[in-house]
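Here's the structure, in structure tokens; my notes come after.
The values are calculated or read from the model by the stated rules, or taken from the named source; none is laboratory data. As the structure is a computational prediction, the values presented were derived from the model and not from experiment. As a convention, Cβ positions derive from the backbone with ideal geometry for all residues, glycine included, and neighbour counts pool all protein chains shown. For accessibility, only protein heavy atoms count, side chains too; no ligands or nucleic acids. Shrake-Rupley method; radii C 1.70, N 1.55, O 1.52, S 1.80 Å.
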Amino acid sequence: MKIAFSTSGNELNAPLDTRFGRASKFLIYDLENETFEMVDNKQNLNAAQGAGIQSAGNVARAGAQALVSGHCGPKAFSVLLAAGIKVFYSDVPTVADALDAYRQGKLIESNTADVDGHWE
Amino acid sequence: MIIAVASGKGGTGKTTVSVNLARMLESNVQLLDCDVEEPNAHLFLQAEPKEQAVVTIPVPQVDESLCDGCGECANFCEYNAIVCFGTTPLIFPEMCHGCGGCAIVCPKKAISEIDKRIGMVETALAQNITLIQGRLDVGVAMAPPLIRAVKTRLREGMPAILDAPPGTSCPVIATLRDTDFVVLVTEPTPFGLHDLKLAVDMMQEIGIPFGVVVNRFGVGDDRVHVFCSEFNIPLLLEIPDDRRIAEAYSRGELIVDALPEYRRLFQSLIDKTMQRQNV
Ligand code: SF4
Ligand code: SF4
């Protein structure tokens, strides 16, 4: 299974970026092989509208079944839902921390869009 | 002759200027309320409804049995209204601008267009004024196509006054395009000047002749006047900060009807606007 993390860097110790739609990259971690690859999301940085939707599309096309990120609006959420991607929110500093938290089952799955920045 | 009335922000008296100007024109005139998110010119006119029409834009619909999930449609859409991840794409009609491009690029001819309602255009008559107003449906964010629908009802040969939405964004540009002259309404305050500057920048970009009306003249300071003379912007009219104007406004009355002494003022605005256009 693959998990996507929104980030600004290129490695596991890179910071977790909590702006899902405007994150510059996604780190896609493969839990079976313990490897990862990077997916570029830059084309969405300057999008006038729909950055979240296309970010969700990028995550889905990368084959991720789960996403760990920050704020995610209702439209992006509906795309993730349609793609069968579970959404987890985390505000830990790095991708590696978020991965640990995921493995330990500490992340709570979100069932709603986080429009105001509050999950729950 | 098509005159638009605009302002860098809401609440400056843009609608007041539009409706009083329309009433003061002796001839028949069309008044287009292009502030489609909050049309309010009708509040000042006891207009008799004549006609209503629903406005739609075409939005794509995908036939799942034909689609192979190639994603061409999503790549094409510059409004990000379609997303595709290997299966039938998801479409967000509220973000679609109805350009029709996705249907053209789809190699499988899987996309057809259905009409999505965005609002209404209503026509009403009030004495010499034909009021044509757009009203965007609640929750719809697509003002420009509705504004264009309002403007297609312009009858050539009859003067028209367009009440623009506040601000300087796409709906305002859609309103101002193809007008002959723009009246910018502002207040003589620091905030008024700030918003006026934004509006003036916009006007310089679109290159339509314009002038300024100062509303509530007497409050604030003379910065707007200094700015206008510095940049050679014609000051067309000063509407005094008169309690009775505010009272007439709150009763939904036109200034030129409730306070006839102001007729001269609005007549001078018409005269100056005409002059500006002819040079
Ligand atoms: S019609 Fe144009 S704006 Fe609408 S979804 Fe298709 S490509 Fe995008
Ligand atoms: S372009 Fe046509 S075939 Fe390709 S994903 Fe879009 S709708 Fe499906």
Report task. For the stretch B:1-40, state the average projected area of the convex hull of the C-alpha atoms over all orientations, rounded to one decimal in nm². Result -> 3.0 nm²
Query raised in the report: How big is the stretch B:115-250 on each of its three principal axes, counting only the C-alpha atoms and giving the largest first in Å?
Result: 50, 36, 35
Query raised in the report: Probe 1.4 Å, all protein chains in place: accessible area of B:Lys197 in Å², nearest 10?
Result: 90 Å²
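Calculate the FRET efficiency for B:Arg264 and B:Ile173 from the Cβ-Cβ distance with a Förster distance of 22 Å, rounded to the nearest 0.05.
That pair, B:Arg264 with B:Ile173, gives E of 0.05.
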Report summary line: Neighbours of B:Phe217 by Cβ distance under 9 Å: Lys/Arg at +1, Asp/Glu at -1, summed charge -2
Report summary line: Expressed in square angstrom to the nearest 10, the accessible area of B:Asp222 with a 1.4 Å probe stands at 90 Å²
Query - Residue among B:Leu237, B:Gly167, B:Gly192 farthest towards the positive dipole end of the stretch B:154-279, charges placed on Cβ - result: B:Leu237
Report task. Among DSSP beta bridges whose residues both lie in chain B, state the antiparallel percentage, nearest 5. Result -> 45 percent
Report summary line: For chain B the mean separation of alpha carbon contacts under 8 Å (6+ apart) over residue count, i.e. relative contact order in percent, is 26 percent
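For the stretch A:2-103, what is Rg from Cα atoms divided by 2.2 N^0.38 Å, rounded to two decimals?
Cα Rg divided by the expected 2.2 N^0.38 Å: 0.94.
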Report summary line: As a percent rounded to 5, the proportion of antiparallel DSSP bridges among beta bridges in the protein assembly as shown is 50 percent
Requested in this report: Starting from the Cα of B:Phe191, step 7 Å along the direction of its Cβ; do the same at B:Val138; then give the gap between the two resulting points in nm.
Outcome: 2.7 nm
Query - chain A: antiparallel DSSP beta bridges as a percent of all, rounded to 5 - result: 65 percent
Query - Those Cys residues of the protein assembly as shown for which no other cysteine Cβ falls under 4.7 Å - result: A:Cys72, B:Cys34, B:Cys67, B:Cys70, B:Cys77, B:Cys84, B:Cys96, B:Cys99, B:Cys106, B:Cys170, B:Cys228
Report summary line: In chain B, whole DSSP H helices that both stretch 30 Å or further along their axis by alpha carbon positions and average at least 0.0 on the Kyte-Doolittle scale are none
Query - Accessible area buried, both sides summed, chains A and B with 1.4 Å probe, Å² - result: 1000 Å²
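With a 1.4 Å probe and all protein chains left in place, how much of the accessible area of chain B comes from carbon and sulfur atoms, in whole percent? Could you put the intermediate results ahead of the total?
Details: 6620 of 13170 Å².
Summing carbon and sulfur atoms, their accessible area is 50 percent of the total for chain B.
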Query raised in the report: Given labels modelled 7 Å from the Cα in the Cβ direction, how far is it in nm from B:Asp222 to B:Met158?
Result: 4.4 nm
Report summary line: Once phi for every residue in the stretch A:80-93 is put through the Karplus expression 6.51 cos²θ - 1.76 cosθ + 1.60 (θ = phi - 60°), the whole-Hz ³J(HN,Hα) values, with Gly and Pro written as x, are 4, 4, 5, 7, x, 9, 6, 10, 10, 9, 8, 10, 5, x
Report summary line: From most to least accessible, 1.4 Å probe, no ligand or DNA/RNA atoms counted, B:Arg23, B:Arg223, B:Arg135 line up as B:Arg223, B:Arg135, B:Arg23
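Just need the Rg to Rh number for the protein assembly as shown, please, alpha carbons only, Kirkwood Rh.
Radius of gyration relative to Kirkwood radius: 1.10.
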Report summary line: Per residue, the convex hull enclosing the Cα atoms of the stretch B:69-180 spans a volume in Å³ of 135 Å³
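For A:Lys2, A:Lys106, give me the order by solvent-accessible area with a 1.4 Å probe, most accessible first, ignoring ligands, DNA and RNA.
Putting A:Lys2, A:Lys106 in descending order of accessible area: A:Lys106, A:Lys2.
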**Report entry** HN-Hα J in Hz across the stretch B:121-135 - Karplus 6.51, -1.76, 1.60, θ = phi - 60°, x for Gly and Pro
**Finding:** 10, 10, 10, 9, 10, 9, 6, 7, 9, 9, 8, 10, 10, x, 9
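Just add up the charged neighbours of B:Ala110: K/R +1, D/E -1, any other residue whose Cβ is under 11 Å from the Cβ of B:Ala110.
-2
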Query - Anisotropy class of the stretch B:209-279 from Cα gyration tensor, a/c 1.5 cut - result: oblate
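Where does the stretch B:25-132 land on Rg(C-alpha)/(2.2 N^0.38 Å)?
The stretch B:25-132 yields a ratio of 1.54.
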Report summary line: With the 1.4 Å probe rolled over protein heavy atoms, chain B has an accessible area per residue in Å² of 47 Å²
Report summary line: In nm², the average projected area of the convex hull spanned by the Cα atoms of chain B is 16.4 nm²
Report summary line: Between the modelled labels at B:Gln204 and A:Asp97 (7 Å from Cα along Cα→Cβ) the distance in nm is 4.7 nm
**Report entry** All-pairs alpha carbon distance profile, the stretch B:64-109, 5 Å steps from 0, percent
**Finding:** 5, 26, 36, 24, 9, 0
Query raised in the report: Helix-derived [θ] at 222 nm for chain B: sum -39500 (n - 2.57) over DSSP H runs of at least 4, divide by residue count, nearest 500?
Result: -9000 deg cm²/dmol
Query raised in the report: If Lys and Arg each add +1 and Asp and Glu each add -1, what is the summed charge of the other residues whose beta carbon sits under 14 Å from the beta carbon of B:Ile245?
Result: -3
Requested in this report: Give the distance, in whole Å, between the Cα centre of the stretch B:154-191 and the Cα centre of the stretch B:215-279.
Outcome: 16 Å
